[in-house]
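Undergrad: Mind looking over this structure? Questions follow.
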Amino acid sequence: MLFRSPNIEPYSEKPRPPFMAPKGVSNVALGKKVTSSIKPFTGELSQLTDGKKEPDDDQVVEMRRGKQWVQVDLGENFKIYAVVLWHDHRWLQVFHDVIVQVADDPDFTQNVKTVYNSDVDNSAGLGIGTDKEYFETNQGRPFDAKGIVARYVRCYTAGSSLSAINACQEVEVYALPAK
């Protein structure tokens, strides 16, 4: 039986609804450079933007426990409409303190905007979030970025309901050129 909490969206096996975005958006993260808060102990960071999101052991990038992040450099500013994230979906689980931010610089000091934050107790130190946690599925989780202009996308986690380990499989960023 799945656990229930007021801060977790109910589990559903229904296909997620498509996210709404302007005509012409594409995944501008595909093949882009990825950095992280710490070197992964399983997998390579380049796997996170390779377009592969199958629930296979060799598709998962794993990092140690505690608050960790992965960051995609889009190479230039884009008007971002959605960030879609796949954590480890080999097993049904809920990842904790999922925070998605965008910024103009790689150190996240300029024009930092939070797209999603499920950290209800500020344990990650990035502010109290009002978004709900969710069950990880093979469909990925889209986050509405509402056309925010940025170059860098950073995704945080702090373990899951199954493990203290942080795991990610893919990051997609759907956007248009900012020009």
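Undergrad: How many residues are free of Cβ contacts under 8 Å to residues at least 24 places away in the same chain and not β-branched (Val, Ile, Thr) when one looks only at segment 92-118?
TA: 3
Undergrad: Continuing with the same structure: Do you know which of the residues in segment 25-76 that are among the aliphatic types (A, V, I, L, M) and assigned to a helix (DSSP H, G or I) is surrounded by the most Cβ atoms within 10 Å (Cβ to Cβ)?
TA: Leu48
Undergrad: Another question about this same structure. Do we have any residue at all in segment 50-62 that's modelled with pLDDT of 90 or more and closer than 23 Å to Gly129 by Cβ?
TA: Among the residues of segment 50-62, not one is modelled with pLDDT of 90 or more and closer than 23 Å to Gly129 by Cβ, which makes the answer no.
Undergrad: Among the residues in segment 19-27, are any more than 15 Å from the chain's Cα centre (by Cα) and within 25 Å of Ser123 (Cα to Cα)?
TA: Taking every residue of segment 19-27 in turn, none turns out to be more than 15 Å from the chain's Cα centre (by Cα) and within 25 Å of Ser123 (Cα to Cα).
Undergrad: Scan segment 122-146 residue by residue and report those that are open to solvent by 10 Å² or more (accessible area, probe 1.4 Å) and assigned to a strand (DSSP E or B).
TA: Glu133, Phe135, Arg141, Pro142, Asp144, Lys146 - these are the residues of segment 122-146 that are open to solvent by 10 Å² or more (accessible area, probe 1.4 Å) and assigned to a strand (DSSP E or B).
The values are calculated or read from the model by the stated rules, or taken from the named source; none is laboratory data. As the structure is a computational prediction, the values presented were derived from the model and not from experiment. As a convention, Cβ positions derive from the backbone with ideal geometry for all residues, glycine included, and neighbour counts pool all protein chains shown. The protein model used for the area step is the full one, side chains on, heavy atoms only, and it has no ligands, DNA or RNA in it. Shrake-Rupley method; radii C 1.70, N 1.55, O 1.52, S 1.80 Å.
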